[in-house]
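Chemist: My questions will all concern the structure given below.
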Amino acid sequence: ADALRLHNVHVIGGAHDLPTAENMVRNLNPDVIVVDIHHDHRDFLAFTKEHRALRPHLGLVYLFSCPDLRLYGIQEKDIPYGSQLVLRELVTDINVLKEAISRAREKADSGKEFEWFGSHSNSPHHAMVSM
């Protein structure tokens with residue numbers, strides 16, 4: 001969050017658990033939600049899908065440590081449309097995350113599938129995804 005703030009991204013808060021995240025989203029009405037996906041992901045995926053249904057323009061960015069979603073037990077249909085997926089190892093270049101956040105808002109209502117960000121360009125990463 002601090003690195004994003006240094007790059008002129010307005011960060012309204014951070015949450016380490018679902019109840020805090022729900023409270024923040026309900027009260028602060030963010031434009032984009034960034035979720036760091038770990039093994040305990042189902043509640044956060046449901047949470048983001050629910051909020052996207054309520055607000056179709058809500059941008060979603062998910063951070064993953066592995067590009068193979070099958071290792072998380074996630075299928076493509078589990079990821080809301082227009083979401084931006086970023087490999088956690090690439091967040092060392094804050095511009096990758098900043099661009100993903102920017103595109104998440106633009107793509108939120110596109111109705112198109114999610115995009116992987118996996119390089120220092122705006123091109124989506126051609127990573128393995130579930131079938």
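Chemist: Looking for something hydrophobic (A, V, I, L, M, F, W, C) and modelled with pLDDT under 85 - is there at least one such residue anywhere in segment 44-65?
Modeler: Checked against the condition, which is being hydrophobic (A, V, I, L, M, F, W, C) and modelled with pLDDT under 85, segment 44-65 yields no hits at all.
Chemist: Turning to a different aspect of this structure: So which of Ala104, Ala3 is under 22 Å from Phe117 (Cα atoms) and surrounded by 15 or more Cβ atoms within 10 Å (Cβ to Cβ)?
Modeler: Ala104 is the lone residue from the list that is under 22 Å from Phe117 (Cα atoms) and surrounded by 15 or more Cβ atoms within 10 Å (Cβ to Cβ).
Chemist: Could you tell me which residue of segment 6-54 is least open to solvent (accessible area, probe 1.4 Å), considering only residues that are charged (D, E, K, R) and under 26 Å from Ile94 (Cβ atoms)?
Modeler: Ranking the qualifying residues of segment 6-54, first place goes to Arg52.
Chemist: Quick one: is Ser83 within 12 Å of the chain's Cα centre (by Cα) and either of a type in the set (Gly, Ala, Ser) or at pLDDT below 90 (or both)?
Modeler: Details: within 12 Å of the chain's Cα centre (by Cα): yes; either of a type in the set (Gly, Ala, Ser) or at pLDDT below 90 (or both): yes.
When the stated conditions are applied, Ser83 passes them.
Chemist: Quick check on Asp109: is it over 14 Å from Ile37 (Cα atoms) and free of Cβ contacts under 8 Å to residues at least 60 places away in the same chain?
Modeler: When the stated conditions are applied, Asp109 passes them.
Chemist: Restricting to segment 51-65, name every residue that is under 14 Å from the mean Cα position of the chain (by Cα) and over 16 Å from Ala104 (Cβ atoms).
Modeler: Of everything in segment 51-65, just one residue is under 14 Å from the mean Cα position of the chain (by Cα) and over 16 Å from Ala104 (Cβ atoms), namely Ser65.
Chemist: Moving to a separate point now. Looking only at residues that are under 18 Å from Ala3 (Cβ atoms) and of a type outside the set (Val, Ile, Thr) in segment 63-92, which one is surrounded by the most Cβ atoms within 10 Å (Cβ to Cβ)?
Modeler: Gln84
Chemist: Just to confirm my filter: which strands (runs of 3 or more DSSP E) fall fully inside segment 1-119 and include at least 1 residues that are among the polar types (S, T, N, Q)?
Modeler: Of the strands (runs of 3 or more DSSP E) lying wholly inside segment 1-119, those with at least 1 residues that are among the polar types (S, T, N, Q) span 84-87.
The values are calculated or read from the model by the stated rules, or taken from the named source; none is laboratory data. Since this is a predicted model, take the numbers as computed values, not measurements. Please note: Cβ atoms are built from the backbone with ideal geometry, for glycine as well, and neighbour counts cover all protein chains shown. Side chains are part of the model used for accessible areas, which takes the heavy atoms of the whole protein and leaves out ligands, DNA and RNA. Shrake-Rupley method; radii C 1.70, N 1.55, O 1.52, S 1.80 Å.
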